[in-house]
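Contents: one structure, followed by commentary.
The values are calculated or read from the model by the stated rules, or taken from the named source; none is laboratory data. Values in this document were obtained by computation on a predicted structure and should not be read as measured data. As a convention, Cβ positions derive from the backbone with ideal geometry for all residues, glycine included, and neighbour counts pool all protein chains shown. SASA here: full protein model, heavy atoms, side chains in, ligands and nucleic acids out. Shrake-Rupley method; radii C 1.70, N 1.55, O 1.52, S 1.80 Å.
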2 protein chains.
Amino acid sequence: MDESQLNDLAQLLKALGEYNRLSLVYKLCNCSAPENAMCLCDCCSVDASVTSRHLKALTQQGVVKMEKRGRERLYSLNRTAVSEKLRALADAIKPSEHEFGYR
Amino acid sequence: MDESQLNDLAQLLKALGEYNRLSLVYKLCNCSAPENAMCLCDCCSVDASVTSRHLKALTQQGVVKMEKRGRERLYSLNRTAVSEKLRALADAIKPSEHEFGYR
DNA sequence: TTAATACTTGCACATATGCGCAATTATGTA
DNA sequence: TACATAATTGCGCATATGTGCAAGTATTAA
């Protein structure tokens with residue numbers, strides 16, 4: 001793990017490590033289809049502008065992706081990328097049993 | 001996931017989401033035996049007092065545990081607890097194949 | 001008992017962060 | 001066109017955070 005990878009991972013964890021942003025992520029966990037920003041606002045009791053900024057931060061860290069549809073912006077999780085990074089960290093801390101393959 | 005659990009997880013991720021603290025965690029990943037604080041200082045180019053505070057933050061979030069030996073303080077990772085929490089989040093985002101059990 | 005070692009704590013400081021409100025942009029609708 | 005809707009951006013503000021230095025505490029060694 002080089003310096004720049006470590007920094008990227010730290011940025012990702014920082015993006016996830018804020019209550020309202022983590023709430024957004026959990027909300028998106030349960031969405032099979034992309035959600036628009038205003039709908040996501042409902043899960044945090046903050047101003048829409050704040051949610052907008054949190055979604056921007058999550059987008060910049062690759063946690064979510066955004067697509068425009070009309071005047072809406074639809075957000076969805078980058079499930080594979082994020083879960084893989086979290087598992088890689090978990091594995092570095094404690095190798096999972098599955099990694100041994102057989103026993 | 002209730003509000004307080006979500007908050008705890010956010011705090012954990014925030015503790016991990018800082019470059020120097022994450023460096024400490026990675027350094028401890030490779031230690032089979034507990035490391036003393038001054039040894040850990042070497043992996044961050046900051047004042048010892050700063051490392052001390054980072055280790056305190058990691059301890060408070062349950063990432064590391066500390067034991068005193070003479071005038072040293074030995075730190076080691078709470079490997080199981082931390083990796084389980086990270087995997088739980090990863091699984092919420094994208095269930096791992098292993099969870100399906102068979103196929 | 002004096003000095004060295006291994007940390008931690010108090011303090012000050014600069015910067016980052018989260019927040020709300022108001023204004024703005026972009027798109028759709030009457 | 002004029003207006004409504006969806007969302008973002010600019011601004012100011014309060015608080016949190018990371019940092020270094022100096023001083024303090026605890027333990028060991030001389």
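Screening the candidates B:LYS56, B:LYS65 for the property of being within 13 Å of DNA strand C (Cβ to nearest atom) and exposed (fewer than 14 other Cβ atoms within 10 Å of the Cβ) yields one hit, B:LYS56. Pairs meeting the criteria (first residue in segment B:75-98 and open to solvent by less than 40 Å² (accessible area, probe 1.4 Å), second residue part of a loop (DSSP other than H, G, I, E, B) and basic (Lys, Arg), beta carbons under 9 Å, at least 6 apart or on different chains) are B:LEU77/A:LYS94; B:VAL82/A:LYS94; B:SER83/A:LYS94.
Can you find even one residue in segment B:1-8 that is within 9 Å of chain A (Cβ to nearest Cβ), open to solvent by 60 Å² or more (accessible area, probe 1.4 Å), assigned to a loop (DSSP other than H, G, I, E, B) and not charged (D, E, K, R)? Yes, some residue in segment B:1-8 is within 9 Å of chain A (Cβ to nearest Cβ), open to solvent by 60 Å² or more (accessible area, probe 1.4 Å), assigned to a loop (DSSP other than H, G, I, E, B) and not charged (D, E, K, R).
Can you find even one residue in segment A:26-41 that is more than 20 Å from B:ALA15 (Cα to Cα), within 12 Å of DNA strand C (Cβ to nearest atom) and among the hydrophobic types (A, V, I, L, M, F, W, C)? The answer is yes; a qualifying residue exists.
Out of A:ALA81, A:ALA33, A:ALA88, A:ALA92, one residue alone is more than 25 Å from B:ASN78 (Cβ to Cβ) and part of a helix (DSSP H, G or I). It is A:ALA81. The conditions of being more than 12 Å from every other protein chain (Cβ to nearest Cβ) and exposed (fewer than 12 other Cβ atoms within 10 Å of the Cβ) are met by B:ALA33. Could we say that A:MET66 is outside any helix (DSSP H, G or I) and either more than 29 Å from B:LEU24 (Cβ to Cβ) or free of Cβ contacts under 8 Å to residues at least 24 places away in the same chain (or both) here? Yes, satisfied.
Among the listed residues A:TYR26, A:TYR19, which satisfies the condition of being closer than 26 Å to B:LEU16 by Cβ, within 12 Å of the chain's Cα centre (by Cα) and either at pLDDT 95 or above or within 13 Å of DNA strand D (Cβ to nearest atom) (or both)?
A:TYR26
Counting only residues that are open to solvent by 30 Å² or more (accessible area, probe 1.4 Å) and in contact (Cβ under 8 Å) with a residue 60 or more places away in the chain, segment B:9-27 holds 0 of them. Evaluated against (1) modelled with pLDDT of 90 or more; (2) touching a strand residue (DSSP E or B) at 6+ places or on another chain (Cβ under 9 Å), B:LEU6 falls short on exactly one condition, (2).
Among the residues here, B:CYS39 does not qualify as within 11 Å of another protein chain (Cβ to nearest Cβ) and either acidic (Asp, Glu) or more than 16 Å from DNA strand D (Cβ to nearest atom) (or both). Among the residues of segment A:47-63 satisfying the criterion of being in a loop (DSSP other than H, G, I, E, B) and more than 10 Å from DNA strand D (Cβ to nearest atom), which is farthest from the other protein chains (Cβ to nearest Cβ)? Looking at the filtered set, the residue picked out is A:GLY62.
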